[in-house]
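Working notes for the structure below.
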Amino acid sequence: MEGSYEKTLDKMRERLDKANFSEWYNDVIELADLSDKRYPIKGMNVWTPYGWKVMQNIDTLLRKGLDATGHDEVCFPLLIPKTEFQKEADHIKGFDAEVYWVTHGGLNELDVPLLLRPTSETAMYPMFALWIRSHTDLPLKTYQLVNTFRYETKQTRTFIRVREIHFFEAHTAHADFEDSERQIREDLQIMKDLGKALCLPYVLAKRPEWDKFAGAFYTIGIDCLMPNGKTLQLGSIHEYKENFSVPYEIQYEDADGEHKYVHQTTYGMSERIIGALVGIHGDDRGIILPPDVAPIQVAIVPIYVKGKQDMINEVAQAVHKRLIEAGIRSRLDDRDIRPGNKFYHWELKGVPLRLEIGPRDIESKSCIVVRRDDGSKHQVALDELEDTLAIMLKETSEVILAKAEAMLEENTTTVLDLRDAIGDDDETIKGILKMPWCGSEDCAETIEKDLDRILLGVPVPIDDPNFEWDDVKGKESNCVSCGKPTSNWTYVAKSY
Ligand code: ZN
């Protein structure tokens, strides 16, 4: 039965046009069935099975990176007492306006109101103060994957700006600043590996003082560039130094019996990763999922011919079984609908490879494999199927990463004079601008106002996570605003 909702979907399919990015983004998420935003609370969307599976696969990659570096997964309560939340002054200032409160237990007003975690520092650190006693307890490296809540007042957008957020947060505690700085570098390496698996290029920027995380000593933002020219912050890595350990009294006894405060770091990311995957890799035919996180890597579509249906199904089932055994995530689509509709369906959902098998293929002991990223068709011998598909999945990853890297590079422009930031059409050049900036707040304000963009911060090296902060400098030049000589640079962009 075709209801009105199905008819709406058909219309959306016809008009998918990535050039109208904002509309395309909303439509493609609905068509690929990644999330359902019809839940009766704005910004709190329902994870549909397909979208949730993508998220779980991303979480698996994150867990792998964290577990391999000696982090332990924890799970803290959702509610935080107001009294704990209030201990770090800057932190409250940063989050106060975004907090959901629980004021009643049943009919009774609570003595101490509770809040839904917007992030978990204030939930975890009172416990860290109990867990950490001696220098032998350090470093303490933990992480959790939970939902967090923020009362967003800006327009919500699936995966990008929501009020209930699927969140990853790593929290570590160290004996001294040097060790916490080593942790930051480990986080950068974990991010580098994750970015590769997700085929997502990004830039790292040390945020300006006024834009760092509430309570942090410094913040490194991880930003992707979306096709509409806006950057999307995927996550961030924070050095807290002793900013939280002092108010939360997280102390340890060192080898000489002296009591010291720990130095802390955090590393956070969210479901925005899916927003970036959708936006950066997708096209007019749907989303394109990186093979490492695609819930289905190969969709098998049997091409039926009258009288041979059973035989074809038998071969298709055998192929499906072989792929599953080889560790390839395969789905056999034996629904009673036209093959063309099946092709369309799996294209929309971004399945990296489609495998077609019909009577003629079976006769020649082969099948046809179509790549989602470039639409190319390949005849593949059945007896080499597993190896060939594994190679094709790897190639798909490499190609979509290279394409995304090219897009980022093409849309990153060095600007030495603010007038250079204006293109021929009198509009500011699209994408990320990189410019010398003396570091003053006044100049930042001028730049932001003149270009109608924000400063993302100082470019941080990506290829070498073991950089020294003293070496994080650009070419000696002149501040685009005041003209003072400087080797300090900043990224500037429109941002989500
Ligand atoms: Zn300046």
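The values are calculated or read from the model by the stated rules, or taken from the named source; none is laboratory data. The model shown is predicted, which means the values in this text are computed figures rather than measured ones. Every residue, glycine among them, receives a Cβ derived from its backbone with ideal geometry; neighbour counts consider all protein chains shown. What goes into the accessible areas is simple: the full protein's heavy atoms, side chains included, and nothing from ligands, DNA or RNA. Shrake-Rupley method; radii C 1.70, N 1.55, O 1.52, S 1.80 Å.
Taking other residues whose beta carbon is less than 15 angstrom from the beta carbon of Asp425, and scoring Lys, Arg as +1 and Asp, Glu as -1, yields -3.
If amide H atoms are built 1.01 Å from N in the plane of the peptide, which residues on other chains or at least 5 residues away come under 5 Å of the amide H of Phe167? HN-HN under 5 Å from Phe167: Val146, Asn147, Thr148. FRET efficiency for Lys449 and Asp424, Cβ-Cβ distance as r, R0 = 22 Å, nearest 0.05? The formula returns an efficiency of 0.50 here.
Note on the stretch 2-281: dipole from Cβ charges, positive end direction compared against Tyr100, Val278, Gly221; the farthest Cα belongs to Val278.
Considering only Met55, Leu456, Gly307, the residue lying farthest towards the positive end of the dipole of the chain is Gly307, judged by Cα position with unit charges set on Cβ. Rolled with a 1.4 Å probe across the full set of protein chains, the surface gives Arg335 an accessible area near 100 Å².
So what is the relative contact order of the stretch 2-281, in percent, for Cα pairs below 8 Å that sit 6 or more residues apart? Present the calculation step by step, with values, prior to reporting the outcome.
Details: 479 pairs, mean separation 51.0, N = 280.
Once normalised by length, the contact order is 18 percent.
Entry comment: accessible area of the stretch 128-217 is 38 Å² per residue, from protein heavy atoms only and a probe of 1.4 Å. Could you compute how much accessible surface His263 exposes when probed at 1.4 Å, giving the result in Å² to the nearest 10? Rounded to the nearest 10, the figure is 20 Å².
Among residues other than Glu98 with Cβ under 10 Å from its Cβ, the summed charge is 0 (Lys and Arg +1, Asp and Glu -1). Legend: residue pairs Lys403/Lys475; Lys53/Lys154; Lys93/Lys473; Lys42/Lys64; Lys53/Lys192; Lys403/Lys434, Cα-Cα distance threshold 26 Å; pairs beyond threshold, Lys403/Lys475; Lys53/Lys154; Lys93/Lys473; Lys42/Lys64. Put a dot 7 Å past the Cα of Ala129, heading toward its Cβ, do the same for Asp211, and the two dots end up 3.4 nm apart. Only the Cβ atoms of Lys and Arg (+1) and of Asp and Glu (-1) were treated as charged; on that basis the dipole of the chain about its Cα centre amounts to roughly 1820 debye.
Accessible surface of Glu258, taken over heavy atoms with a 1.4 Å probe and every protein chain present, rounds to 100 Å². The listed residues His174, His259 rank as His259, His174 when sorted by accessible area, largest first, using a 1.4 Å probe. Counting only protein chain heavy atoms and rolling a 1.4 Å probe, the accessible areas of Tyr100, Tyr240 rank, largest first, as Tyr100, Tyr240. Here, the chain yields an orientationally averaged convex hull projection of 28.8 nm² when only Cα atoms define the hull. To the nearest 0.05, what FRET efficiency results for Thr413 and Asn478 with a Förster distance of 22 Å applied to their C-beta separation? In this case the efficiency is close to 0.80.
Each residue of the stretch 340-345 was assigned a 3J(HN,Hα) from its phi angle through the Karplus curve 6.51 cos²θ - 1.76 cosθ + 1.60 (θ = phi - 60°); the sequence is x, 5, 5, 4, 4, 4 Hz, with glycine and proline shown as x. Close amide H pairs (under 5 Å, H built 1.01 Å from N) link Asn478 with Thr486, residues at least 5 positions away or on another chain.
What net charge do the residues around Met392 carry, taking every other residue with its C-beta under 13 Å from that of Met392, with Lys and Arg at +1 and Asp and Glu at -1? Around Met392, the surrounding residues sum to -2.
Full extension of the chain segment joining Arg360 with Asp176 gains 59.4 nm, where the gain is 0.36 nm per residue of separation less the Cα-Cα distance. If the chain linking Ala68 and Asp96 were pulled fully straight, counting 0.36 nm for each residue of separation and taking away their Cα-Cα distance, it would gain 6.5 nm.
The label-point distance for Asp336 and Arg15, in a model that sets each label 7 Å from Cα toward Cβ, rounds to 3.5 nm. Of Trp489, Trp131, the order by accessible heavy-atom surface (1.4 Å probe, DNA, RNA and ligands excluded), from most exposed downward, is Trp131, Trp489. Secondary-structure-derived ellipticity at 222 nm for the chain, considering helices only, amounts to -10500 deg cm²/dmol, per-run term -39500 (n - 2.57) for DSSP H runs with n ≥ 4.
What you get for the stretch 414-493, charging only the Cβ of Lys and Arg (+1) and of Asp and Glu (-1), is a dipole of about 100 debye around the Cα centre. Full extension of the segment from Leu110 to Thr83, taken as 0.36 nm per residue of separation minus the current Cα-Cα distance, would add 8.5 nm.
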